[in-house]
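Engineer: One structure follows; several queries about it will come next.
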Amino acid sequence: MTIDLKEELCAVFAGALAEVVSTTTGLALDMVSTMQDDGFGEMVGIMNLNSKNRGLIFISAEEEDVRMLYSCMTGVPVEQVGEDDMSDTLCELVNMTAGSVKLRIKDPDYMFSLSSPFVIRGTDISMVTKKRVPVISRMLRGEKIAVKIKVVYS
Amino acid sequence: MKLLIVDDSAVIRKVIKAAAGVLSMEAEEAQDGIEALEKLAECHREISLVLLDWNMPEMSGYDVLVEMKKNEKYKDIPVMMVTTESQKTSIVAAIRAGAANYLTKPFTTEELELKIIECIGEEGDY
């Protein structure tokens, strides 16, 4: 993957995530960094991207930020947001982001079909790959929340 | 006036239900296509509009739409597809199968309310 293509895909995925969050919650997010680490937030929503270049999308955030996302989407007070609500929110965020990316992606080699998203939870979650694969990473931050997005193509 | 909201995502069902409340509409919920058909069998006479997610486990929204349009009891209930699959082919397939309207996720509450009104009319013409 060329640096130009990697940057283009970065912009596409991060832009889609920012738009999805803004549309569904009203929260504005700005891209603040290119992450060099393999760290994730406490909750990670994951989807397999079925394409010629097989990929995975990870969207992660700390639990309190996921509660805030749910609260802003639904109007439910933060303190009333349950465990299932948080997992569902992250799954739907991944689903909508991937769907939005499909409209923006230009390179047919990186076009994909959606699959069922799922969530993992924990602290100090890291990703280890067996070989050097292109990893696209961005952190987006707003006044109330921060969200990380990673995309791995193999 | 009652909506049937069919989506495997509880958060999306909640958002749509809230919009229905703003429009003074009640809502029934189903978390997959099979449950949707069961709900229709129970209370199709009360349902003014079905909002149908495309990608669901067990039975897709498209398959539910096709089943509905084959059934004399449900075929006249308007259906709005709500999905992330925003490609033209999906939209065309849904319209050809009888969907009345189409809404792409992500959507704002205002967009959703407008689409619902488009489907059922200001006074709930259906």
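The values are calculated or read from the model by the stated rules, or taken from the named source; none is laboratory data. In this text, all values refer to a predicted model and were calculated from it rather than measured experimentally. Ideal geometry is used to build each Cβ from the backbone, glycine not excepted, and the neighbour counts take in all protein chains shown. Side chains included, ligands, DNA and RNA excluded: accessible areas come from the protein's heavy atoms. Shrake-Rupley method; radii C 1.70, N 1.55, O 1.52, S 1.80 Å.
Engineer: I'm trying to understand the selection: among the residues of region A:50-66, which are of a type in the set (A, V, I, L, M, F, W, C) and in a strand (DSSP E or B)?
Structural biologist: Of everything in region A:50-66, those that are of a type in the set (A, V, I, L, M, F, W, C) and in a strand (DSSP E or B) turn out to be A:Leu56, A:Ile57, A:Phe58, A:Ile59, A:Ala61.
Engineer: Let me ask something else. Return yes when A:Met73 is surrounded by 17 or more Cβ atoms within 10 Å (Cβ to Cβ) and without any contact (Cβ under 8 Å) to a residue 60 or more places away in the chain and no when it is not.
Structural biologist: yes
Engineer: Same structure, new question: Specify which of the listed residues (A:Arg138, A:Arg121) is open to solvent by 70 Å² or more (accessible area, probe 1.4 Å) and among the charged types (D, E, K, R).
Structural biologist: A:Arg121
Engineer: Sort through A:Glu92, A:Glu83, A:Glu143 and tell me the only one that's surrounded by fewer than 14 Cβ atoms within 10 Å (Cβ to Cβ) and within 14 Å of another protein chain (Cβ to nearest Cβ).
Structural biologist: The match here is A:Glu83.
Engineer: Restricting attention to region A:9-34, which residues are within 22 Å of B:Val11 (Cα to Cα) and either within 10 Å of chain B (Cβ to nearest Cβ) or open to solvent by 50 Å² or more (accessible area, probe 1.4 Å) (or both)?
Structural biologist: Answer for region A:9-34, where residues must be within 22 Å of B:Val11 (Cα to Cα) and either within 10 Å of chain B (Cβ to nearest Cβ) or open to solvent by 50 Å² or more (accessible area, probe 1.4 Å) (or both): A:Ala16, A:Glu19, A:Val20, A:Val21, A:Ser22, A:Thr23, A:Thr24, A:Thr25, A:Gly26, A:Ala28.
Engineer: Could you please give the count of residues in region B:1-26 that are away from chain A (no Cβ under 14 Å), surrounded by fewer than 20 Cβ atoms within 10 Å (Cβ to Cβ) and not hydroxyl-bearing (Ser, Thr, Tyr)?
Structural biologist: Count: 5.
Engineer: Another question, if that's okay. Being part of a loop (DSSP other than H, G, I, E, B), within 26 Å of A:Glu92 (Cα to Cα) and modelled with pLDDT under 95 is the filter here, so list the residues in region B:59-89 that pass it.
Structural biologist: Scanning region B:59-89 gives B:Met59, B:Ser60, B:Thr84, B:Glu85, B:Ser86, B:Gln87.
Engineer: Still on this structure: If you take the residues of region B:93-106 that are away from every other protein chain (no Cβ under 14 Å) and either within 16 Å of B:Asp8 (Cβ to Cβ) or in contact with a Leu (Cβ under 7 Å, 6 or more places away or on another chain) (or both), which of them is surrounded by the most Cβ atoms within 10 Å (Cβ to Cβ)?
Structural biologist: In this case the residue turns out to be B:Ala94.
Engineer: Further, regarding this structure: Can you tell me which of A:Val151, A:Val119 is among the aliphatic types (A, V, I, L, M), in contact with a Cys (Cβ under 9 Å, 6 or more places away or on another chain) and modelled with pLDDT of 95 or more?
Structural biologist: After ruling out the rest, the residue left standing is A:Val119.
Engineer: Would you mind telling me which numbered condition in (1) away from chain B (no Cβ under 14 Å); (2) part of a strand (DSSP E or B); (3) surrounded by fewer than 21 Cβ atoms within 10 Å (Cβ to Cβ) A:Ile149 fails?
Structural biologist: Every listed condition holds for A:Ile149 apart from (3).
Engineer: Please give the number of the condition B:Ala93 fails out of (1) hydrophobic (A, V, I, L, M, F, W, C); (2) in contact with a Gly (Cβ under 9 Å, 6 or more places away or on another chain); (3) assigned to a helix (DSSP H, G or I).
Structural biologist: Of (1) hydrophobic (A, V, I, L, M, F, W, C); (2) in contact with a Gly (Cβ under 9 Å, 6 or more places away or on another chain); (3) assigned to a helix (DSSP H, G or I), only one is false for B:Ala93: (2).
Engineer: Give the number of residues within region A:99-128 that are within 14 Å of another protein chain (Cβ to nearest Cβ), out of contact with any helix residue (DSSP H, G or I) (no Cβ under 8 Å at 6 or more places or on another chain) and assigned to a helix (DSSP H, G or I).
Structural biologist: Result for region A:99-128: 4.
Engineer: Step by step: first the residues of region A:67-80, then only those that are among the aliphatic types (A, V, I, L, M) and part of a helix (DSSP H, G or I), then the one that is nearest to the other protein chains (Cβ to nearest Cβ). Which residue is that?
Structural biologist: Here the answer is A:Met73.
Engineer: Against the condition within 11 Å of another protein chain (Cβ to nearest Cβ) and surrounded by 21 or more Cβ atoms within 10 Å (Cβ to Cβ), how does A:Val44 come out, does it pass?
Structural biologist: When the stated conditions are applied, A:Val44 does not pass them.
Engineer: Checking B:Arg45 against (1) more than 14 Å from chain A (Cβ to nearest Cβ); (2) buried (at least 17 other Cβ atoms within 10 Å of the Cβ); (3) out of contact with any strand residue (DSSP E or B) (no Cβ under 9 Å at 6 or more places or on another chain): exactly one of these is not met. Which one?
Structural biologist: It fails just one condition, (2).
Engineer: Further question: I'd like the full set of residues that are touching a residue at least 12 places away in the same chain (Cβ under 8 Å) and within 14 Å of chain A (Cβ to nearest Cβ), limited to region B:63-92.
Structural biologist: Once the filter is applied, which keeps residues that are touching a residue at least 12 places away in the same chain (Cβ under 8 Å) and within 14 Å of chain A (Cβ to nearest Cβ), region B:63-92 yields B:Met81, B:Val82, B:Thr83, B:Thr84, B:Glu85, B:Ser86, B:Ser90.
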